[in-house]
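Here's the structure we're looking at; comments come further down.
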Amino acid sequence: MANFGKWIGGGLGWAFLGPIGGLIGFALGTLVDGQDRFTSQGAVGPGVTTQGDFVTSLVVLIAAVMKSDGKVLKSELDYVKEFFVRSFGREQAQQLTLILKNILEQNIPVEEVSRQIKQRMDYSTRLQLIHVLFGVSKADGLVSSEEMKMVEKIAYYMGIRTEDFNSIKSLFHDDIESAYSALEITPAATDEEVKKAYRKMAVKYHPDKVAYLGDDLKNQANEKFQQLNAAYEKIKKARGLN
């Protein structure tokens with residue numbers, strides 16, 4: 001079996017503990033030589049979010065969203081596999097997919113997991129998690145009410161502000177009203193207010209906010225930033241702004 005230690009076994013801080021650690025520990029205990037191989041790696045420090053903490057949290061939350069409507073669709077799994085490949089490379093994507101499939105078979109304590117993330121992970125990185133979850137929920141072209149409720153539940157217990165949640169949600173729609181919502185303004189905003197809102201959101205969503213997690217995850221965050229730019233360009237075009 002391939003080595004799972006790049007992020008998971010060898011790169012966990014706070015996610016080594018609590019409900020997330022329990023889920024991942026069980027998964028790795030099933031997939032590799034046994035539970036001891038996971039626990040023997042040790043935590044790298046409970047106070048700092050590592051790549052392992054982010055990726056582990058992400059896999060658990062993706063599983064929760066995929067399970068929420070009572071069925072796991074092939075389109076969703078294919079989307080997640082492609083996302084893993086784009087974000088982490090083919091070898092790590094294969095490993096993460098195996099872990100995901102195992103977690104999909106477990107009971108996920110969503111509230112406890114989300115609260116653990118809120119307590120330990122900075123706000124910008126939590127926003128990135130929500131962005132990815134929206135992408136997963138829309139993978140089959142239709143967001144079920146159960147999936148949306150699950151993403152909302154996760155966001156609530158992770159402490160995501162309503163305006164930020166709605167902004168990220170709007171990034172996944174192409175209409176002009178959603179473009180305004182992505183910038184957290186209304187069509188009644190003046191041209192100067194539009195420009196000011198974009199500058200504010202560009203700071204909030206800038207990929208450098210998660211650069212400390214490494215190039216893989218910074219590149220992933222760039223997708224959200226590009227969607228924000230697209231929303232701004234749509235508004236500029238509609239208003240005839242330069």
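Read-outs: derived from the displayed coordinates by stated rules, not from any lab. These figures come from a predicted structure and were not determined experimentally. Glycine also receives a Cβ, built like all others from the backbone with ideal geometry; neighbour counts cover every protein chain displayed.
Place +1 on the Cβ of every Lys and Arg and -1 on the Cβ of every Asp and Glu in region 140-203, take the dipole about the Cα centre, and give the residue among A202, A188, V151 whose Cα lies farthest towards its positive end.
Among A202, A188, V151, the one farthest towards the positive end of the dipole of region 140-203 is A202.
Using a Gaussian network model on the chain with a 10 Å cutoff between Cα atoms, which of K195, K218, K67 fluctuates the most?
Looking only at K195, K218, K67, the biggest GNM fluctuation is shown by K195.
Going by alpha carbons, how many degrees (0 to 90, nearest 10) lie between the helix axis of 123-137 and the longest principal axis of the chain?
Result, in degrees: 90.
Quick check: the angle from helix 51-67's long axis to the longest principal axis of the chain, C-alpha only, nearest 10 degrees?
Computed tilt is about 80 degrees.
If you take the square roots of the eigenvalues of the alpha-carbon gyration tensor of region 161-242 and sort them as a ≥ b ≥ c, do you get rounded (a/c under 1.5), prolate (a/b over b/c) or oblate? Could the numbers behind the result be given before it?
Working: a/c = 2.00, a/b = 1.84, b/c = 1.09.
The shape class here is prolate.
Relative contact order for the chain using alpha-carbon pairs under 8 Å, separation at least 6, rounded to a whole percent?
So the answer I get is 18 percent.
Pairs of lysines 8 or more apart, or on different chains, with alpha carbons under 17 Å: count those in region 161-242, would you?
Final tally of qualifying lysine pairs is 19.
Using alpha carbons only, how many degrees (0 to 90, rounded to 10) separate the axis of helix 74-88 from the longest principal axis of the chain?
Compared with the principal axis, the helix lies near 90 degrees.
Among P109, F225, L12, whose Cα projects farthest towards the positive end of the dipole of the chain, with charges put on the beta-carbon of Lys, Arg (+1) and Asp, Glu (-1)?
It is F225, whose Cα lies furthest towards the positive end.
R90 to V203: extension gain in nm, 0.36 nm per residue of separation minus the Cα-Cα distance?
Fully extending the segment from R90 to V203 adds 37.6 nm.
Using mean Cβ contacts within 10 Å as the protection proxy, how do 49-62, 147-160 order, highest first?
On the way: 49-62: 24.6, 147-160: 19.0.
For the peptides 49-62, 147-160, the packing ranking is 49-62, 147-160.
Using +1 on the beta carbon of Lys and Arg, -1 on that of Asp and Glu, and nothing else charged, what's the dipole of region 161-242 about the Cα centre, debye to 20?
About 200 debye.
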